[in-house]
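Worksheet: one structure, shown below.
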2 protein chains.
Amino acid sequence: MKPLPFTKVRVTDPDWTRRIDLVRTVVLPYQWEILNDRVDGAEKSYCVRNFRAAAGDIKAPHGGMVFQDSDLYKWLEAVAYTLAVHRDEALEKLADEAVELIVHAQEEDGYLNTYYSLMKPQKRYTNLMEGHELYCAGHMIEAAVAYDQATGKDRLLQAALRLARHLHGYFMPRRGYPGHPEVELALIKLYEHTGDAGSLELAHHLIDVRGAGENQLDLERKDPDHDWIWEPMKRFDDQYFQAHQPVREQKTAEGHAVRAMYLYSAMADAARLGGDKALRDACLALADNMRTRRLYVTGGIGSASFGERFTTDYDLPNDSMYCETCASIGLMLFARRMSWLTGDPRYFDLWERALNNTVLAGMGEDGKHFFYVNPLEVRPDAIRWNMTYEHVKPVRQSWFGVACCPPNIARTLPSLSGSLYARSKGALHVLSHIASQFEDEGLRVELRRSGEDYTLAVDGPALELHLRVPEGSELTATDGQAEVGRHIFRHPGGEQTYRYRLRPRLRVVRANPKVAANAGKVCVMRGLDVYCLEEKDNGPWLSGLCLKEGSLPREVPGQTMDGLPVLEAEGLRMADSGYEDSLYADLKPAYQPVTLRFVPYRAWGNRGAGEMTVWVNSLH
Amino acid sequence: MKPLPFTKVRVTDPDWTRRIDLVRTVVLPYQWEILNDRVDGAEKSYCVRNFRAAAGDIKAPHGGMVFQDSDLYKWLEAVAYTLAVHRDEALEKLADEAVELIVHAQEEDGYLNTYYSLMKPQKRYTNLMEGHELYCAGHMIEAAVAYDQATGKDRLLQAALRLARHLHGYFMPRRGYPGHPEVELALIKLYEHTGDAGSLELAHHLIDVRGAGENQLDLERKDPDHDWIWEPMKRFDDQYFQAHQPVREQKTAEGHAVRAMYLYSAMADAARLGGDKALRDACLALADNMRTRRLYVTGGIGSASFGERFTTDYDLPNDSMYCETCASIGLMLFARRMSWLTGDPRYFDLWERALNNTVLAGMGEDGKHFFYVNPLEVRPDAIRWNMTYEHVKPVRQSWFGVACCPPNIARTLPSLSGSLYARSKGALHVLSHIASQFEDEGLRVELRRSGEDYTLAVDGPALELHLRVPEGSELTATDGQAEVGRHIFRHPGGEQTYRYRLRPRLRVVRANPKVAANAGKVCVMRGLDVYCLEEKDNGPWLSGLCLKEGSLPREVPGQTMDGLPVLEAEGLRMADSGYEDSLYADLKPAYQPVTLRFVPYRAWGNRGAGEMTVWVNSLH
């Protein structure tokens, strides 16, 4: 299965173009101001200043985190995808400026990192565990490839190739790998775009050396004089870095969730390109473990705040988890690669679950407020007083010092077009039913949507049209045409239109009973879209509410939120009379009937701080 | 209501004398070895060494925590109560040695603290927030009073009076108070035992100055040169220290749970002695807030690990809480004082809840292993990998560096005799139905128990006998005698025997529905004794088990654990078939009937590491 690149496909669905336009008109200009430290009240980024200093334009020390460079690269990558959708001259001018800055900040031998260039030029690659040089390099390479693809301008791509050659020269003879994966998948992207064989070779090397015998990171950790950047890192184990085993032996999703997703994404790419069965099997096992044991219903991952990491099977607390937006973006990256690797479109259920819930929830309606942590249960008073929930916020926050998530969302939304279609021998796969169009090698396709009714207009040679059926939805051909298999149309060639209906089911979902946090509870979903209760609609003390077993939610006519219908269902509120004098009593519980109002999870927290819960008690 | 002192009452109930004997024969000798650093494998205490160094016997720096002295004082207090029960010459000899050490470590002006004497003699009372000098002084005074009461030896009591006079001279003219309350209740105890008016005056002063305008602790915190002992303290707020308001205005239980209990205990004493209505009202409000909103069903308190503290109303997570053993011991101290203050015996329900569940659970059967943190839900794999639960242990631990809990349990068990009876005008109150006997001012009483049948033999002048009915139990007179009111016998004078039956009900208890953690769940209790499910009896994945609504637990004939019957009930196990391929599914849940086996919470974790839960899903 070979994906159609983002450059060829154009999203036309108004719900999605609205978001993509928001990125172009608000998010990216706003983030540019942020990166230039020109937004009052926001934490200083120093990002552009660091590049200007490294380029020799100004004299200044490095500011911000050691991985601050990556914010500019992610911004630039987002601009590239955006420009492919909509030629915006002003934005392109800013991007060209950024490219020049980066090119000038690069050292003569290809090395590129403002923190080390400015602060510790003699210490390059001495702190692979924490230094993030390779992580930043990876984001630079991704930006360069995207910018070349989108604009045809290869100035940054040439810099990326110089950087890749420099990395190849340094790392191929050594047993080191990045503390934070990212460069691996970027190098493979660079190889796929340019054919640069050294990049692929280095990616394989960095993947293979991880967790396989003594390496530089072990030595750094044992070194009593190691120059630690973050004290807590001392407590992190090999699992945190996905370095507890050689990657081909890893069967469970472990450690820092973003790191894991970026590594697994590279592994899936490497397995696909190298036909590496052991690596492919590891990817299958990791994806399975995550999907069946370590995944939140919202597509969130990372059950613990300390280490922002996976913990153990079925440990999925709803209120103390991390569920970083970036981790769900990483899950999208991994999931789509798993479909490309295996030809199985069902991995796009993971992709869609992560995108439609956690990733979309990550950015507010205004494009300027963000969730880094995406809880499934929030009680604002508890968050305030109980440090177990300290990292959880009841409303979206403005820019942070560690600003990984906002630019990551910004690059994700305009790049969606690269995940909608794929081709395999004699077949076109419709992986996501986002209205869109493309033209590729004599094939012209346009997917239109009207409510739940879709029209797929195809013009081109004979092929099969494989329509993915998202989990929780029903897909039926609606005009009795050439449906030749389950959700496969045979296109005989020429110009033809196919009609189908895709109906997301309103569902009351339970978790595997091994998940202690969800015992006795249900989650209301519509297809893969998760719903939640908010205090704003249902009053305080959401924990006293129950959905009546057998009560199916219904759409409230005419009421939508963030493009999805608002839902209602019959429920009960457990009375708290009898508990005035004691917290605990052996009373027969009493219930009052109430109407529960469910809103899309992705739209939660947009109406002020209040309680929220995804999982709702169920009463028989 | 005036309690009968521990010196007069003798516990005879075999279940309790077994524990009290364990303290005498195992716990105290073992802890003496620990305090002397003679136990292989245990973390070093340095406690006795510190005193020897401060006394000038050896040269050594201070070792261990700044509050290490308190371990010896608590040990000595425990010995005192133990000697009152059982004259043990060997133990008394050790105690006399300890007394000599302490007396010699005291400075000429009455000051006593080995940390400051050895390490920072010029820095006395410069770190009231963290230094624990007053905390240690309080435990010294408590030990001294108890040792004099138990043995009639007043050498330590004289030292305590010198210390109290020194404290009076230093603190009366100043606006400082201890970061950790304890000295307040100790000074009141000293006053009640000796009549030393200055001690009472100082206790009032230290209570009144807390939270009331600028004071030394504020200045310490603002001082950029403050010599911090614990970095995390910097993040603690006024609530942590119960200093957010003048104590008479405090209406909610806040901050570090042990600190809160020790302070509230002193407040209750001060209100009783001073007839201070505002202080009494504050105590009533604090006890109410805790009992109706911030108390675990096990009598545990402290919902958060960070700060070991109260958080907010109804925030009672079962797996990430703190519920320190010492905090429940503190709750016992506060609760009994509330009964003495108000004459209302129902505060002993709190006392009994804390004692029978969390405090007894705190020590293992062998007297050498302890829980500091008392969870209501444990999944050992999650504890291992998710740092949210890092402080929770699935089995009892041996001695810790911060060894507050073990000696606190050791002093609590032999001192129980002081909480069993109280007298008020014309009445004797039986507050706890632990078989025991006493003789006091011409009144001889013996309470005997056989199963649920009690005999109260009274010999003495006419009075009313008020029998407390513990929450969750039924009390009925069994031979139709002079019951003149609800659970009141009128004793006409002379020798008479009264019979009653006290039957703890098997109960299925729910929490106020505002407690999110317990929604849809029930707790099985027998009277005030909490039961739990353990993996050992019920297999793994306890979260998949449900108690059938209406299924009442029953005693398993002939099977007991830690003196209580083992219980069984009809339950269901939710099948996890259908969840192999996905963690989430809209399946109709399937159940298999199972027999649930409940064991007393206080005996959990004695059979190896495994899952445990107090709150069990309930299915209608």
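Applying the set (1) of a type outside the set (Lys, Arg); (2) closer than 20 Å to B:Asp381 by Cα; (3) assigned to a helix (DSSP H, G or I) to A:Met267 leaves exactly one unmet item: (2). Of the numbered criteria (1) out of contact with any His (no Cβ under 7 Å at 6 or more places or on another chain); (2) in contact (Cβ under 8 Å) with a residue 12 or more places away in the chain; (3) on the phi < 0 side of the Ramachandran plot; (4) within 14 Å of chain B (Cβ to nearest Cβ), the one A:Asp344 fails is (2). With respect to (1) on the phi < 0 side of the Ramachandran plot; (2) in contact with a helix residue (DSSP H, G or I) (Cβ under 7 Å, 6 or more places away or on another chain), the lone exception for B:Gly302 is condition (1). On inspection, A:Gly550 does not qualify as more than 8 Å from every other protein chain (Cβ to nearest Cβ) and crowded, with 22+ Cβ neighbours inside 10 Å. Just one of the numbered conditions (1) surrounded by fewer than 20 Cβ atoms within 10 Å (Cβ to Cβ); (2) outside any strand (DSSP E or B) is not true of A:Pro513: (1).
Touching a strand residue (DSSP E or B) at 6+ places or on another chain (Cβ under 7 Å), among the small types (Gly, Ala, Ser) and surrounded by fewer than 16 Cβ atoms within 10 Å (Cβ to Cβ) - does that describe any residue in segment B:404-423? No, there is no match, as no residue in segment B:404-423 is touching a strand residue (DSSP E or B) at 6+ places or on another chain (Cβ under 7 Å), among the small types (Gly, Ala, Ser) and surrounded by fewer than 16 Cβ atoms within 10 Å (Cβ to Cβ). Of A:Pro593, A:Pro557, A:Pro565, A:Pro600, all but one fail to be open to solvent by 30 Å² or more (accessible area, probe 1.4 Å), of a type outside the set (Val, Ile, Thr), in contact with a strand residue (DSSP E or B) (Cβ under 7 Å, 6 or more places away or on another chain) and more than 9 Å from every other protein chain (Cβ to nearest Cβ); the exception is A:Pro593.
Out of A:Glu201, A:Glu254, one residue alone is open to solvent by 10 Å² or more (accessible area, probe 1.4 Å) and over 17 Å from A:Leu185 (Cα atoms). It is A:Glu254. What residue, among those in segment B:308-329 that are farther than 19 Å from B:Asn386 by Cα and facing chain A (nearest Cβ under 9 Å), is most open to solvent (accessible area, probe 1.4 Å)? Looking at residues that are farther than 19 Å from B:Asn386 by Cα and facing chain A (nearest Cβ under 9 Å), I get B:Asp313.
Among the residues examined, B:Ser582 does not qualify as within 15 Å of B:Asn617 (Cβ to Cβ), within 14 Å of chain A (Cβ to nearest Cβ) and surrounded by 15 or more Cβ atoms within 10 Å (Cβ to Cβ). Residues in segment A:511-530 that are more than 7 Å from chain B (Cβ to nearest Cβ) and free of Cβ contacts under 8 Å to residues at least 24 places away in the same chain: none. Evaluating B:Trp541 against the criteria (1) under 30 Å from the mean Cα position of the chain (by Cα); (2) within 11 Å of chain A (Cβ to nearest Cβ); (3) hydrophobic (A, V, I, L, M, F, W, C) leaves one unmet condition, (1). When segment B:221-235 is filtered for residues that are in contact with a Gly (Cβ under 9 Å, 6 or more places away or on another chain) and either farther than 23 Å from B:Met65 by Cβ or at pLDDT 90 or above (or both), only B:Ile229 remains.
Kindly indicate whether any position in segment A:205-213 is in contact with a Phe, Trp or Tyr (Cβ under 8 Å, 6 or more places away or on another chain), under 30 Å from A:Leu273 (Cα atoms), open to solvent by 60 Å² or more (accessible area, probe 1.4 Å) and assigned to a helix (DSSP H, G or I). No, every residue in segment A:205-213 fails to be in contact with a Phe, Trp or Tyr (Cβ under 8 Å, 6 or more places away or on another chain), under 30 Å from A:Leu273 (Cα atoms), open to solvent by 60 Å² or more (accessible area, probe 1.4 Å) and assigned to a helix (DSSP H, G or I). Only a single criterion out of (1) closer than 20 Å to B:Pro3 by Cα; (2) more than 9 Å from the chain's Cα centre (by Cα) is not satisfied by B:Leu331, namely (2). In segment B:222-248, the residues that are hydroxyl-bearing (Ser, Thr, Tyr) reach residues that are assigned to a loop (DSSP other than H, G, I, E, B) with C-beta atoms within less than 6 angstrom, at least six apart or across chains, in these pairs: B:Tyr240/B:Gly255; B:Tyr240/B:Gly307.
Filter segment B:92-129 down to the residues that are within 22 Å of B:Lys153 (Cα to Cα) and among the β-branched types (Val, Ile, Thr) and list them by number. Of everything in segment B:92-129, those that are within 22 Å of B:Lys153 (Cα to Cα) and among the β-branched types (Val, Ile, Thr) turn out to be B:Val99, B:Ile102, B:Val103. Sub-7 Å Cβ pairs linking a first residue in segment A:176-194 that is within 17 Å of A:Ala160 (Cα to Cα) to a second residue that is in a loop (DSSP other than H, G, I, E, B), at least 6 apart or interchain, are A:Leu190/A:Asp196, ordered by first then second residue. For segment B:154-163, residues that are over 13 Å from B:Asn113 (Cα atoms) and either open to solvent by less than 70 Å² (accessible area, probe 1.4 Å) or without any contact (Cβ under 8 Å) to a residue 40 or more places away in the chain (or both) total 5. Among residues of segment B:361-407 being hydroxyl-bearing (Ser, Thr, Tyr) and closer than 21 Å to B:Glu43 by Cβ, the one that is nearest to the other protein chains (Cβ to nearest Cβ) is B:Tyr372. The criterion of at least 2 residues that are under 21 Å from B:Thr82 (Cβ atoms) is met, among helices (runs of 4 or more DSSP H) falling completely within segment B:114-203, by B:133-151, B:155-171, B:183-194.
When segment A:286-304 is filtered for residues that are polar (S, T, N, Q), more than 7 Å from chain B (Cβ to nearest Cβ) and not in a helix (DSSP H, G or I), only A:Thr298 remains.
Residues that are within 20 Å of A:Leu547 (Cβ to Cβ) and not charged (D, E, K, R) within segment A:583-601 comprise A:Pro589, A:Ala590, A:Tyr591, A:Gln592, A:Pro593, A:Val594, A:Thr595, A:Leu596, A:Phe598, A:Val599, A:Pro600, A:Tyr601, listed in sequence order. Within segment A:107-116, restricting attention to residues that are in contact (Cβ under 8 Å) with a residue 24 or more places away in the chain and buried (at least 21 other Cβ atoms within 10 Å of the Cβ), the residue that is farthest from A:Gln31 (Cα to Cα) is A:Leu112.
The values are calculated or read from the model by the stated rules, or taken from the named source; none is laboratory data. A quick note: this is a predicted structure, and the numbers were derived from the prediction, not measured. Heads up, the Cβs are rebuilt from the backbone with ideal geometry, glycines too, and the neighbour counts pull from every protein chain shown. Accessible surface is based on the protein model in full, side chains and every heavy atom, while ligands, DNA and RNA are left aside. Shrake-Rupley method; radii C 1.70, N 1.55, O 1.52, S 1.80 Å.
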